[in-house]
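Working notes for the structure below.
The values are calculated or read from the model by the stated rules, or taken from the named source; none is laboratory data. No experiment lies behind these values; they were computed from the predicted model shown. Reconstructed Cβ throughout: ideal geometry from the backbone, glycine too, with neighbour counts over all protein chains shown. The protein model used for the area step is the full one, side chains on, heavy atoms only, and it has no ligands, DNA or RNA in it. Shrake-Rupley method; radii C 1.70, N 1.55, O 1.52, S 1.80 Å.
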Amino acid sequence: MANSLTYPVRTINEPDFTEAKQSVFLLPKQRTQTCLHRDRPPCSVNLYGAAMESQEGTQQPHLVLANKLFLLRQPDVQDIEKVRFKEEVLASIKADNMLSLYETLVEESMLERDQGVLDSMSANIDQELKKLDDKIADAEENLGESEVREAHLAKSLFFIRIGDKEKALEQLKLTETKTVAVGQKMDLVFYTLQLGFFYMDFYLISKSIDKAKNLFEEGGDWERKNRLKVYEGLYCMSTRNFKRATDFFLDSISTFTTYELFPYDTFIFYTVLTSIISLDRVSLKQKVVDAPEILTVIGKVPYLSEFLNSLYDCQYKSFFSAFAGLTEQIKLDRYLHPHFRYYMREVRIVVYSQFLESYKSVTIEAMAKAFGVSVDFIDMELSRFIAAGKLHCKIDKVAGVLETNRPDAKNALYQATIKQGDFLLNRIQKLSRVIDL
């Protein structure tokens, strides 16, 4: 079905921690209950998608619905929670007459087929479309251009509401032909971006971001430009470009107004997570640890403050404890879920590298004690990262010592310059031979 909601099938396995029972990577047993109602923003921090308290704005209802659909497909979500999500999803589908999504979920055996519900939604859609078409016809005959545009926009939003992706995109393009102001064209792009994030259609999102940038060359206000940064940051994070995502998120901290995507608490959650694996220690201190906007919110997100500050303060046992508390929030986040194993690996590389930076040599036992795990666990972890070239050290198993062999940055730059110089000289010699001929 062309407009059905689908997700790529991925197998996500947790890291193989042999010290699971004693290490701090144990997942928390307690789960905070979610509060995701379509008529109000999320109101508590929870392990299901990190939907957090929002004091301003309202999250776009379809993105809340998309998160519930994502959680319904996750084997790690408790059955009792899935029952509640299923009821809420069905209620949202009926309220918005999302016929195509209902049929898709019936095919996937996530919902039971009810012909009465199908007939009711189909009748409601036909009735509403007739009203919208009559309104467009009336506007074209009796009213001005702005009223015609508003009528077409209403039809676009209707197709978005019922989840008809193809018709929504087609109607948005038609509405754009009726639109003159750059700001209004940008609003249409934002509707398209929200549609892209609902379906996780990265091609549509990328194309829409490029279109928005071209529109900004014609003009555009700063409020919309700042909103676009959050959209682009979310796109970068969803496609594993954490460095660029960090830059966009940090630029938007003081100007965040994109509540239709997620609450501000969730935005800070993403900003901290991406910054930890993207920024150096000095930048992390200046832009994140001491940032007043982050300090006012970070305490509302369980484990996040300890996760950030214990890393900067080199309290590695506390860091791993907080890391364990955040693990399931990351795993059950719709945008971070495909990158769960990658993020877990990168965070451990960051913290191990920071610890080893202070030593020329250190005993494995001392490092294991600092992290609150066994010697065998640290040995297994480090050997894996050393073999992959992620950590610059070697293990003396007999002496039980780790010896660091940091690459000399200046020497590496010198060698690279010499190599490039040789390449340039060879090209010049070849060129001179051609000229001599």
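Given (1) among the hydrophobic types (A, V, I, L, M, F, W, C); (2) open to solvent by less than 40 Å² (accessible area, probe 1.4 Å); (3) modelled with pLDDT under 85, where does residue 385 come up short, assuming only one miss?
Evaluating residue 385 over (1) among the hydrophobic types (A, V, I, L, M, F, W, C); (2) open to solvent by less than 40 Å² (accessible area, probe 1.4 Å); (3) modelled with pLDDT under 85 leaves (3) as the failure.
Looking only at region 333-357, count every residue that is modelled with pLDDT under 90 and closer than 14 Å to residue 240 by Cβ and tell me the total.
Count: 0.
Within region 255-285, which residues are closer than 15 Å to residue 311 by Cβ and either among the polar types (S, T, N, Q) or outside any helix (DSSP H, G or I) (or both)?
To start, the set of residues in region 255-285 that are closer than 15 Å to residue 311 by Cβ comprises 271-285.
Scanning region 255-285 gives 271, 274, 275, 277, 278, 279, 280, 283.
Yes/no matrix, rows are residues, columns are (1) at pLDDT 90 or above; (2) in contact with a helix residue (DSSP H, G or I) (Cβ under 8 Å, 6 or more places away or on another chain); (3) on the phi > 0 side of the Ramachandran plot:
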{"position": "115", "(1), (2), (3)": "no, no, no"}
{"position": "119", "(1), (2), (3)": "no, no, no"}
{"position": "140", "(1), (2), (3)": "no, yes, no"}
{"position": "144", "(1), (2), (3)": "no, no, no"}
{"position": "159", "(1), (2), (3)": "yes, yes, no"}
{"position": "166", "(1), (2), (3)": "yes, no, no"}
{"position": "177", "(1), (2), (3)": "no, no, no"}
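May I ask you to list the residues in region 178-211 that are outside any helix (DSSP H, G or I) and free of Cβ contacts under 8 Å to residues at least 40 places away in the same chain?
178, 179, 180, 181, 201, listed by residue number.
Within the bounds of region 111-129, is there any residue that is touching a residue at least 60 places away in the same chain (Cβ under 8 Å), open to solvent by 40 Å² or more (accessible area, probe 1.4 Å) and over 30 Å from residue 268 (Cβ atoms)?
Within region 111-129, not a single residue is touching a residue at least 60 places away in the same chain (Cβ under 8 Å), open to solvent by 40 Å² or more (accessible area, probe 1.4 Å) and over 30 Å from residue 268 (Cβ atoms).
For residue 219, work out the one condition from (1) out of contact with any Cys (no Cβ under 6 Å at 6 or more places or on another chain); (2) open to solvent by 60 Å² or more (accessible area, probe 1.4 Å) it doesn't fulfil.
The number of the failed condition is (2).
Restricting attention to region 130-149, and to residues there that are in contact with a Lys or Arg (Cβ under 8 Å, 6 or more places away or on another chain) and open to solvent by less than 60 Å² (accessible area, probe 1.4 Å), which single residue is farthest from residue 87 (Cα to Cα)?
That would be 148.
Can we say residue 234 is outside any helix (DSSP H, G or I), out of contact with any Gly (no Cβ under 9 Å at 6 or more places or on another chain) and crowded, with 17+ Cβ neighbours inside 10 Å? Outline the logic, then answer.
Details: outside any helix (DSSP H, G or I): no; out of contact with any Gly (no Cβ under 9 Å at 6 or more places or on another chain): yes; crowded, with 17+ Cβ neighbours inside 10 Å: yes.
Taking the combined requirement at face value, the residue does not satisfy it.
Would you kindly identify the helices (runs of 4 or more DSSP H) lying entirely within region 304-385 that contain at least 3 residues that are out of contact with any Cys (no Cβ under 8 Å at 6 or more places or on another chain) and within 20 Å of residue 271 (Cβ to Cβ)? Spell out how you get there, then give the answer.
Numbers: elements: 304-312, 316-331, 340-357, 364-371.
In region 304-385, 304-312, 316-331, 340-357 are the helices (runs of 4 or more DSSP H) which contain 3 or more residues that are out of contact with any Cys (no Cβ under 8 Å at 6 or more places or on another chain) and within 20 Å of residue 271 (Cβ to Cβ).
Scan region 251-302 for residues that are among the hydroxyl-bearing types (Ser, Thr, Tyr) and free of Cβ contacts under 8 Å to residues at least 24 places away in the same chain and jot them down.
Residues satisfying the conditions are 283, 296.
What's the total number of residues in region 150-168 that are part of a helix (DSSP H, G or I) and crowded, with 20+ Cβ neighbours inside 10 Å?
Start the filter on region 150-168 by keeping residues that are part of a helix (DSSP H, G or I), which leaves 150-161, 165-168.
When the remaining residues are screened for being crowded, with 20+ Cβ neighbours inside 10 Å, the result is 151-153, 155-156, 158-160, 165, 168.
Final tally of qualifying residues: 10.
Just one of the numbered conditions (1) free of Cβ contacts under 8 Å to residues at least 40 places away in the same chain; (2) hydroxyl-bearing (Ser, Thr, Tyr); (3) surrounded by 15 or more Cβ atoms within 10 Å (Cβ to Cβ) is not true of residue 404; which one?
The single condition residue 404 does not satisfy is (1).
Evaluate region 245-253: report whether one residue or more is in a helix (DSSP H, G or I) and open to solvent by 40 Å² or more (accessible area, probe 1.4 Å).
yes
Residues that are within 15 Å of the chain's Cα centre (by Cα), under 26 Å from residue 287 (Cα atoms) and open to solvent by less than 50 Å² (accessible area, probe 1.4 Å): does region 202-213 have at least one? Break it down stepwise before answering.
Of all residues in region 202-213, those within 15 Å of the chain's Cα centre (by Cα) come to 202, 205-206.
When the remaining residues are screened for being under 26 Å from residue 287 (Cα atoms), the result is none.
The answer is no; no qualifying residue exists.
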